[in-house]
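Colleague: Pasting a structure below so you can have a look.
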Amino acid sequence: MERFEIDKEVEEKVNQILQKLIKLPLEKILSYALKGEEDAIQLYKFLSQHIEEPHAKMKFEQFIKIESGHKKKIRKVFEDLFPGVEPSEVPLPSWVEVSSRDVRKDIKTAEDYLSILKVAISSEKLAEKMYRFVAQALSKEYADVFTSLAKDEKQHYDFLVNQYLFYKRAKAEEDMHEIINKLLGKE
């Protein structure tokens with residue numbers, strides 16, 4: 001049930017952004033993708049520097065490398081399709097910017113971590129859907145690149161959702177212990 005709730009909430013937000021993106025020319029969509037990959041790199045750097053759990057820290061460090069590779073691949077496609085043109089600013093905020101407006105800039109509690117994970121989850125879902133859309137608009141050579149990128153983003157999404165659910169359960173358990181202690185007068 002919890003995963004369904006996350007998926008539905010993320011899906012609605014992602015679809016709103018995607019509806020605006022698909023109306024843009026390919027050059028703008030690829031520019032937006034480049035910005036999104038840079039934002040993802042910065043988000044995973046932040047998470048790897050602020051999370052202490054070794055497995056998650058290692059995964060975020062891997063994600064930094066993977067997202068950097070994505071950025072290089074997208075840049076190569078951009079340069080092949082639009083020689084001599086630099087990526088431009090896109091009149092849409094990146095998904096990380098939209099999703100993180102009310103998020104703390106540090107991780108002090110499980111709730112802080114959960115809010116940042118939601119940003120990352122949304123970002124990965126948007127990237128996956130955007131890359132699947134772009135793959136349909138390109139020749140097979142480039143479509144294969146974007147299909148591969150979409151698969152990577154799906155794997156990142158799945159890891160992040162599992163992290164979110166694990167820490168949400170841990171937070172609920174922590175809250176329950178706090179309530180029990182208050183009821184028993186053990187504050």
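Read-outs: derived from the displayed coordinates by stated rules, not from any lab. Computed from a prediction, not measured in an experiment: that's the story for all the values here. Cβ atoms come from the backbone with ideal geometry, glycine included; neighbour counts cover every protein chain shown.
Colleague: To the nearest 20 debye, what is the magnitude of the charge dipole of segment 118-182 about its Cα centre, counting +1 on the Cβ of each Lys and Arg and -1 on the Cβ of each Asp and Glu?
Modeller: 180
Colleague: What does the extension gain come out to for Leu26 and Glu12, with contour length at 0.36 nm per residue minus their alpha carbon separation?
Modeller: Going from the current span to full extension adds 2.7 nm.
Colleague: Still on this model: Quick one: length gained pulling Arg169 to Lys65 fully straight, 0.36 nm per residue minus the C-alpha distance?
Modeller: 34.5 nm
Colleague: I've got another one for you. Over segment 1-92, with a single point scatterer placed on each C-alpha, what log10 of the ratio I(q)/I(0) does the Debye formula yield at q = 0.14, 0.15, 0.17 1/Å?
Modeller: The Cα Debye sum returns log10 ratios of -0.68, -0.76, -0.91.
Colleague: Something else: Give the residue from Met130, Leu149, Ala120 lying farthest towards the positive end of the charge dipole for segment 105-149; charges sit on Cβ (+1 for Lys and Arg, -1 for Asp and Glu) and the dipole is referred to the Cα centre.
Modeller: Checked the options; the winner is Met130.
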